[in-house]
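One structure is given below, encoded as structure tokens.
The values are calculated or read from the model by the stated rules, or taken from the named source; none is laboratory data. Since the structure is predicted, the reported quantities are computational estimates derived from the model, not experimental observations. Neighbour counts are summed over all protein chains in view; Cβ atoms, including those assigned to glycine, are modelled from backbone coordinates with ideal geometry.
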């Protein structure tokens, strides 16, 4: 099964894409949707509004698995390879009764208070390695605008990174930085989705810029008021079959499966 990381500048719509792809793909495959974005909005994009404690804030679990308290003082010894094999199943939330789609909220580490190498970050990275390297399900990762959750070995197992961009230079500059970081840690297949397109001129502008950066485009999504409506009503986009954005994401989903079948 494919492992897909979705990233991009904040506000470009990557979480909506992640959640919608997870819903569509789970109609055929077992899917793990992993929220690895500090904003942690993937549950909302699926229409889930119950309070979820991210794994990064599960202090007792972190202490149990690493042997140290979150926020431990520098120099304290803790396990750098904690056991995580049981966590994807025990900590995930079932989206449907059949268990075809499971959600796992990773959370993030407060680097200002705890530093980059700490019990919480070690557990998160170990869990990410386990999910990507060991799980047989389709994996959808909703990432922040970077590759902080991915180590080199984990990144090499990612089959496809999708960078979501919108018309505008700031979004494109972020895409260039993400591509560089992703290449540095071994992600080879990188494609873009152009979102919130209002007209052909915007689409051609973005595609021309992406071509200059050497990034291919797997699909475009039109600006669609139904996306705003789904967010306001707290429902998943798949609940709105007339949505033009949904129809575009369905085409992107089909292209992703074509890539997977050709590997």
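For the criterion of being crowded, with 17+ Cβ neighbours inside 10 Å and within 18 Å of the chain's Cα centre (by Cα), residue 257 fails.
The single condition from (1) in contact (Cβ under 8 Å) with a residue 12 or more places away in the chain; (2) over 17 Å from residue 3 (Cα atoms) that residue 25 fails is (2). Tell me yes or no: at least one residue of region 238-248 is at pLDDT 95 or above, buried (at least 17 other Cβ atoms within 10 Å of the Cβ), within 17 Å of the chain's Cα centre (by Cα) and within 18 Å of residue 19 (Cβ to Cβ). Within region 238-248, not a single residue is at pLDDT 95 or above, buried (at least 17 other Cβ atoms within 10 Å of the Cβ), within 17 Å of the chain's Cα centre (by Cα) and within 18 Å of residue 19 (Cβ to Cβ). Within region 46-61, one or more residues are without any contact (Cβ under 8 Å) to a residue 40 or more places away in the chain and not in a loop (DSSP other than H, G, I, E, B). The residues of region 138-160 that are within 22 Å of residue 218 (Cα to Cα) and surrounded by fewer than 20 Cβ atoms within 10 Å (Cβ to Cβ), listed by number, are 144, 146, 156, 157, 159, 160. Between a residue in region 96-109 that is touching a residue at least 60 places away in the same chain (Cβ under 8 Å) and any residue that is in a strand (DSSP E or B) and surrounded by fewer than 19 Cβ atoms within 10 Å (Cβ to Cβ), which pairs come within a Cβ distance under 7 Å, given they are 6 or more apart or on different chains? Close Cβ pairs (under 7 Å, with a partner that is in a strand (DSSP E or B) and surrounded by fewer than 19 Cβ atoms within 10 Å (Cβ to Cβ)) amount to 102/93; 102/94; 103/93. What is the residue count in region 25-45 for residues that are more than 19 Å from residue 126 (Cα to Cα) and part of a strand (DSSP E or B)? Matching residues across region 25-45 total 1. Per the listing 13, 67, the residue uniquely surrounded by fewer than 16 Cβ atoms within 10 Å (Cβ to Cβ) and at positive phi is 67.
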